[in-house]
1. Which order results if Ser204, Ser486 are arranged by neighbouring Cβ count within 10 Å, fewest first?
2. Roughly how big is the chain's charge dipole about its Cα centre, with Cβ charges of +1 (Lys, Arg) and -1 (Asp, Glu), in debye to the nearest 20?
3. Report the charge-dipole magnitude of segment 103-187 in Debye, nearest 20, computed about the Cα centre from +1 at each Lys and Arg Cβ and -1 at each Asp and Glu Cβ.
4. Can you give me the long-range amide H partners of Asp400? Hydrogens built in the peptide plane at 1.01 Å from N, cutoff under 5 Å, separation of 5 or more residues or another chain.
5. Using only Cα atoms, find the angle between the long axis of helix 14-28 and the longest principal axis of the chain, and express it within 0 to 90 degrees, rounded to the nearest 10.
6. So what is the relative contact order of the chain, in percent, for Cα pairs below 8 Å that sit 6 or more residues apart?
7. Does the chain come out rounded, prolate or oblate, given a ≥ b ≥ c as the square roots of the eigenvalues of its C-alpha gyration tensor, rounded meaning a/c under 1.5 and, failing that, prolate meaning a/b above b/c?
8. Ranking Trp291, Trp442, Trp397 by Cβ neighbours within 10 Å, fewest first, what do you get?
Amino acid sequence: MARQGKASMQFISPAIKIAVAAFAVLLATPAVTSADVLDVREAEGMALAAPDCSTSLQSLINNAAAGSTLTLGNCTYRESVTVNKPLTLDGQGVTSLRGSDVWSGFLPSGDNWVSSQSVPTLNTETRDICQSGSDERCKLPEQVYMDGVPQRQIATGSDPTPGQFALNGSRRVVLGSDPTGKIAEVTTRQSILKAGASDVTLKSLDMRHSGNQAQTGAISNGGFANFTLEDCSVLYAHGTNVSFRDAPGMRILNSRITYAGQLGLGAAHTELEVRGGEIAHNNTEDFSRGWEAGALKVTDQGTAGDVNSVLFDGVHVHDNNGPGIWIDIDVRNTTIENNRVHDNIGMGIFFEVSDGAEIANNVVFNNGTEASGWVWGSQIGIVNSRNANVHGNVVAWGADGIGVISQDRTDWPDYKNVTGVKIHHNTILRHQSAQNVLALGWVQDWAGVLYDAASANEGYDNAYWFPVAETSGDRYHSTGPYQTLSAFNATPGEERGRYLTIAEKDAVLAQHNLPNPTR
């Protein structure tokens with residue numbers, strides 16, 4: 001590139017003129033970045049260097065400096081690893097960890113195909129914890145995937161049909177679908193990753209396939225503090241996808257936790273923060289929903305005076321085979337806000353046998369489809385708990401609206417009495433007025449203190465929608481069942497409650513992108 005010299009340079013030597021001109025060109029040229037080099041190489045058809053995936057992930061972890069970031073490439077690691085030092089694993093959205101191996105060499109046998117390898121012995125469940133009426137596959141931890149699609153396991157020795165598999169007496173995999181030309185992945189490990197030190201961060205990783213037991217995690221903190229999942233996906237554990245226990249500083253940020261056999265997330269005695277992301281389609285193996293199954297369960301926060309806390313903020317919790325957000329057994333200092341919780345078979349938000357909750361500004365709808373009466377199908381349920389402040393929520397459709405339950409819990413005598421519960425400024429939309437399908441119900445089945453003034457339980461300023469006039473059927477419950485809002489407003493369960501107009505109801509549906517059922 002040539003450039004004319006200025007008149008003021010006409011008496012300078014030619015060599016200096018050339019140097020000055022070259023320097024001017026350099027100043028005028030944008031800086032060349034590594035991305036520019038890659039763009040040029042790609043445009044010219046030059047091969048880009050592929051990441052070296054031959055070294056095991058455990059070796060990379062062992063060789064990394066404590067406190068550093070280990071940046072990973074487009075590799076699939078099929079191993080079970082322990083992060084044994086403070087470390088960040090950054091998968092850049094392209095790294096996968098799997099507890100499965102790719103198997104080939106299946107031989108035809110009648111209408112089936114049989115593997116040449118045997119599945120390692122995994123921990124088999126002996127407890128009676130499968131959903132009543134199920135085929136008890138919750139006790140079978142083996143897994144097979146064909147081109148990423150899970151195959152349904154049936155009893156050992158059975159003849160599977162397409163989409164199914166079984167083990168034979170030698171623990172060989174018997175497929176009901178032809179694996180020719182497909183990738184068959186068989187789970188051979190009982191965990192994917194656990195912490196062996198505090199201050200572990202997993203970032204932008206895809207983690208799946210684990211033959212773990214119920215109440216154990218494919219991903220776990222190992223009892224160590226300050227464990228973070230950020231922008232990760234965790235799928236297809238037989239038991240729990242992610243398990244946190246006995247440590248502060250647990251965080252899940254903008255992560256996808258789906259298709260666990262039992263629970264998406266299980267946490268016990270932890271300080272927990274979950275922000276953004278998705279917890280969906282969990283309890284695929286039909287564990288008992290009344291025991292511990294569904295989206296998540298947080299238990300045993302600690303004792304009075306603990307500074308630990310539980311936070312769910314902006315999480316999409318949906319289509320789980322069980323409850324949505326389930327807080328249970330002496331959990332304290334809970335905040336559940338700005339979440340979207342819907343289409344879960346159990347309660348949407350279930351606060352049970354616990355103390356101290358702020359449940360606010362959530363959109364909760366179409367939950368509780370397995371309900372069998374009372375208010376067990378509540379979109380938000382406060383069960384044998386204290387000091388729950390439930391406000392600003394939009395609660396729609398499903399079995400029941402908001403339910404507060406007091407029972408004689410001999411298993412947790414400290415939580416027999418429900419006190420300090422406030423239900424206010426919520427919007428509650430109902431699609432029918434049948435008896436035992438309640439908009440707001442304060443119920444107890446023993447001589448408890450739920451309705452006593454000294455218990456400081458109260459409802460006020462809630463807004464309701466029903467598609468039909470007050471004719472028959474109980475809509476509310478406080479000291480008894482009530483069909484009319486005016487009567488309910490005269491009880492401790494509600495004060496200044498009102499009905500929405502059609503225009504107000506439609507505005508709520510539009511604002512929160514809610515379905516509008518016809519029944």
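1. Ser486, Ser204
2. Here the size comes out at about 1320 debye.
3. Rounded to the nearest 20 debye, it is 160 debye.
4. Under 5 Å from the amide H of Asp400: Gly377, Ser378, Gln379.
5. 10
6. 7
7. Verdict is oblate for the chain.
8. Trp291, Trp397, Trp442
Just so you know, all these numbers are worked out from the coordinates, no wet-lab data involved. This one's a predicted model, so the numbers in the text were calculated from it and none came from an experiment. For neighbour counting, all protein chains shown are included, and Cβ atoms are generated from backbone atoms with ideal geometry for every residue, glycine included.
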